[in-house]
Structure formats: structure tokens, C-alpha cells
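Have a look at the structure below before the remarks.
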Amino acid sequence: MTRLPSRHARNCAVLSPRMALLTLLSAGLLAAASVAPGLAAQEILISGGTVVTSEGRFAADVRVREGTVVEIGTGLAAEAGARTIDATGLLVMPGGVDPHVHLGGNRRDDYRTGSQAALAGGITTISNFAFPAGGRTLAQAIEREAALISEQAIADVILHAGINDPETQEGQMTTLAAETGQTSTKIFMVRAAFDAEVPDYMATMDAAGRAGVLTMVHCEDGPILARAVAELTAAGRTSLEYFPDSRPVVGEVVATQRAVAMAEATGAPIYAVHVSSEGALRVLQDARERGLSVFVETRPIYLHFTRQRFEGPDRGLYVGQPPLREQRDQDALWAGIASGSVHVLGTDHVAYRRDEKMDPSQTISRHRAGLNNLQVVRPMLYSEGVVQGRISEERFVAVTSTNAAKLFGLYPRKGTVAVGSDADIVLWDPDETRTIRDEDMFSGTGFSVYSGWEVTGWPVMTLRRGEVVYEDGEILAGAGSGELLRRGRWQAP
Ligand SMILES: [Zn+2]
């Protein structure tokens, strides 16, 4: 795990006595009778705001007790000792759910700094991938990550078991769902070995479907990409300038077609991660129209940048797989979010520092793919989407929270503001205009590719299970207060 301290680390490592008390209270470990009068014990009343869910928006107060939303209505009165939060002029939205995050390994964010970046950006549930190494089972891979989560996480966490070797996995799907409560897995069509193992992957997908486990699929075709890289290399075009050409759209489209065919043949649901092109999106939209359980995620960088970025000197910053595409692809993805055919905006957060991303030794075949996105994915989408008139506030909530909560078996505990749901709430100032700055980032990378962008709409406070965990630029909860969530089976959004 990375040990690089973020500049905010000192503020966050230790719970203040008040927050420690609140944590205990919300965990139900202290009797109400022992609470000193005047302390904001179990109740928080969020008053005067506008609640926004994926279904609509309405003026309402929200009463939170013991980590849960217990009442929504107008003119609610605070109980004695409650903390009242004035949300006049603010949106009261469900905390974000990001099902595509990479933490740990040789990268600069672990569960702690990843949580801090997420919570500061209004995301209360993050994810990570657990890959079984050296003959381990999927359940053992989950167990290893669970130990790190209990030490480090502040946001709540879900895990996807990644499949390295499909031959050994078929019998493990039921165990995965029943024993670990983690109901998703991931396969990589881009792997060189994929073609030789298609029968095993199909058996795994089939078993996953029967166990209520959602299969995430990275749709790029290995042979088509390998050929493109070989041709560019033979022509001496190995610089990152040619990165978009090294992973052509056709490779994404054909892999997406094949993934859809595998879903159709097995009857199992699939979730296409980081869809980048109009062509791949069309394949998935067509499958949906034919009634298949096929779901679509895109990634923030595709909404805000095109392949033109590879013409500039800072091209290394934008390397991700698949690459940035053309303007028409970007337009298709925005239209998909607006219409509902793109279900989830997942960050695909990968934390490398700026100097690592800019390393001049990188080539089309050796590079650091991915970038950090957790803290500003929602502000960027709100500003470029809602404020610019491309999408509604309801769609904003749907693609950053509700749909992922449904697909990953968390709804209605997560993904909405409703009586009985966890009080994972972000108070959002729709009018606040800010310039994104490296120095405000909690990620261990210390930078944002969006630095310098002026955005309108900003999270001012985040509650996770009823605890104020982010306020006025500070993280208020300590490492280990986040939980690994047990999940049910997937639901269609
Ligand atoms: Zn990823």
C-alpha cells in the first residue's frame, strides 16, 4: 500500500472526542441516557433544503437518527439535543456510489486517502477489486481486502472479485454471493489469453448469472489491439501521441458485440465498464432494446476530453484504456446519460502522481493507464452536465448514485434519500462557483487533471450513515470507520 501522506492526513488520522462519541452513538454502543445534554447525539435535522433523488425533487426536511433517515417532511421540528443543519438554498442528495475504483497496490491511494477524496466529492460508497493470487479462492481474496478496509476505510466499500483464471472459478460464484455478500465479478476480454479460455469464461458468466452475481466486462479485443500496436511499432510510432490509434474503436466494438453475445447465450447479466465510443454504446443500446440484461458504464474523462489531448505535451496525463475518442463519441455518451442508456458514471480511479503520468519513457505498449477522479467527478458532471443544460438533476443522481446502488445490490439502503435508507447524504450548493485546484485534492496523487476548470455546484457537507464526515474542506472521520458492505443480488436500474 502507498505510504505517501496526503497533506490532509494529519487532520484526519485521529477522531476528535466529539466525533468518537458520535461514532459510538451511531454504532449503538452507548445508551442514549449517557449522552450529555447539548451534544448532537443521535438526531440530525437537515432543514430547508431541496431533496433530489433519481425520481424527482421536492422541498423537505430530513430527520436522521442512528445513521438512518427516519422522517422526510415539511416543517419538521428538531428534538431536544438534535443538531439542526440549515440547508436553505442547498440540494440534499444521496451520497455517490462509485463501483469502479482501483485502490492499493503500487498506486498512491489506499482505502484511507481514496475515502477522503470520495467523501470530499460527495461519494459515500467506493469500491475496489480483489484478485485472487497464487491459487487463492475469490472468497480469500475478498477476506484479504476486508482486513485492509477495517483498518483504513472511511467511506463504505464494496468489492468485486476479479477473475484471473476462469477454469477454477465456476464453483465459487455461489460462495462469493452467499458467504462474502459481494455480488459482482470482473473479466478482461483484452487479455491475450482470453480467446483460448472463452468456454471457461462463458461457464463462469453463466454460473455468476445463476448465483445473482453481476459480471463486469472490460470490452477490448486483444488481437485487434495487438495488431494495431505491432503496426505502429513497425512504423516507429511508439510515442504516446499514437496511443489512441493503438487501441482502435473497432477493437472495443467487436469485444462489446461478443460480450453481448455471451450474455445472450448464457442468459447472464453483464455490466460493460468504461464504454468510450459511440459504436460500443450502440451495440449495448441495441442489446437493451432486445431485452437483454446489459448495463453501461462510462468514465468521466470521456465526457470532458477528446483525443486532441494526445497532441499536447501533457498527453501522458490522459492515458487510460480505452483511450480518449472523438467529439462524436463524447456527444453520444452525453446523450446516453441524458436518455438513460448510460446507467453509471464510474471513475475508474487509478492514483498515479503527475510525474508518474508524465514519465517520458512511456510508450503505446508500456504506460501507466488511468487517473484519479474521485473527488471531482460529481462537481464536473454537475457543472458540465446540469448547469450546461445537458442533463437533469435527477439524471445526475441516477448515474452517480442510484443506478450503481441498484446494479450492485445496495438499493434502497444506498442510492436514495428515503425513510429507512442509510443517511448517506451530500449537501450540495448548486450556485457555488469554484476553480478546481491541486492543493485541494485529498488523493495521494496531489493533483487533478481538471485543475484550472471553473465549476458551478459543489459539495459542502457529506454524511455517511448519519455522521458528518466532511464539512468545510475538512474530513472529520477516522480511518476504519468505513464498512465493507454486504450486498444483495443485482437489480436493473
Ligand atoms: Zn478499471
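The values are calculated or read from the model by the stated rules, or taken from the named source; none is laboratory data. All of these numbers come straight from a predicted model, not from anything done at the bench. Here the Cβ is made from the backbone with ideal geometry for all residues, glycine too, and neighbour counts use every protein chain on show. What goes into the accessible areas is simple: the full protein's heavy atoms, side chains included, and nothing from ligands, DNA or RNA. Shrake-Rupley method; radii C 1.70, N 1.55, O 1.52, S 1.80 Å.
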**Item:** List Arg136, Arg328, Arg83, ordered by accessible area with a 1.4 Å probe, largest first
**Value:** Arg328, Arg136, Arg83
**Fill in**
Ranking Pro322, Thr363, Gln182 by how far each Cα lies towards the positive end of the charge dipole of segment 96-407 (+1 on Lys and Arg Cβ, -1 on Asp and Glu Cβ), the top one is Thr363
**Item:** Solvent-accessible area per residue, Å², over segment 433-482 with all protein chains present [probe radius 1.4 Å]
**Value:** 31 Å²
**Item:** Span from the segment 240-314 Cα centroid across to the segment 452-493 one, whole angstrom
**Value:** 28 Å
**Message:** Starting from the 7 Å offset along Cα-to-Cβ, what nm value, one decimal, do you get for the label separation of Arg390 and Arg366?
**Reply:** 3.6 nm
**Message:** Given the whole protein assembly as supplied and a 1.4 Å probe, what does the accessible area of Glu278 come to in Å², nearest 10?
**Reply:** 50 Å²
**Item:** Residues in segment 399-430 reached by a label modelled at Glu264 [backbone nitrogen below 12 Å; 7 Å Cα→Cβ]
**Value:** none
**Item:** Between helix 222-234 and the chain: long-axis angle, C-alpha atoms, 0 to 90°, nearest 10
**Value:** 70 degrees
**Message:** In whole percent, and with a 1.4 Å probe on the protein chains, what portion of the accessible area of segment 373-418 is carbon and sulfur?
**Reply:** 43 percent
**Fill in**
Taking the dipole of the chain about the Cα centre (Lys, Arg +1; Asp, Glu -1; charges at Cβ), the one of Trp490, Val217, Tyr352 that reaches farthest to the positive side is Tyr352
**For segment 186-253: Kirkwood Rh in Å [reciprocal of mean 1/r, alpha carbons]** = 13.4 Å
**Prompt:** Pairing the Cα long axis of helix 111-120 with the longest principal axis of the chain, what angle in degrees results, from 0 to 90 and rounded to the nearest 10?
**Reply:** 70 degrees
**Request:** May I ask which residue of Ile475, Gln285, His102 lies farthest towards the positive end of the charge dipole of the chain, with charges of +1 (Lys, Arg) and -1 (Asp, Glu) on Cβ and the Cα centre as origin?
**Result:** His102
**Asked** In percent, how large is the relative contact order of the chain, given Cα pairs closer than 8 Å and 6 or more residues apart?
**Response** 23 percent
**Whole-percent carbon and sulfur share, accessible surface of segment 435-493, 1.4 Å** = 43 percent
**Asked** What's the carbon and sulfur percent of segment 254-300's accessible surface, probe 1.4 angstrom, rounded to a whole number?
**Response** 41 percent
**Prompt:** Efficiency by 1/(1 + (r/R0)^6): what FRET value for Ala59 and His304, r their Cβ-Cβ distance, R0 = 25 Å, to the nearest 0.05?
**Reply:** 0.20
**Request:** Can you work out the accessible area per residue across segment 96-407, with the rest of the protein chains kept in place, probe 1.4 Å, in square angstrom?
**Result:** 32 Å²
**Fill in**
Quotient of Cα radius of gyration and Kirkwood radius for the chain, i.e. Rg/Rh, equals 0.96
**Asked** With r defined as the distance between the Cβ atoms of Glu326 and Ala80 and R0 fixed at 41 Å, what FRET efficiency is calculated, to the nearest 0.05?
**Response** 0.10
**Asked** Cα to Cα, under 26 Å, and not fewer than 8 places away if on the same chain: which lysines meet these conditions relative to Lys414?
**Response** Lys186, Lys406
**Model label zone, Thr233; criterion: amide N under 13 Å from point 7 Å along Cα-to-beta-carbon; scope segment 171-202** = none
**Message:** Is there a quick way to get the dipole size of the chain? I mean about its Cα centre, with the Cβ of Lys and Arg at +1 and of Asp and Glu at -1; what is the value in debye to the nearest 20?
**Reply:** 420 debye
**Asked** Given a 1.4 Å probe and the protein chains all in place, what does the accessible area of Ser339 round to, in Å² to the nearest 10?
**Response** 90 Å²
**Request:** Measure nothing but the geometry: give the 0 to 90° angle between the long axis through the Cα atoms of 138-152 and the longest principal axis through the Cα atoms of the chain, rounded to 10°.
**Result:** 40 degrees
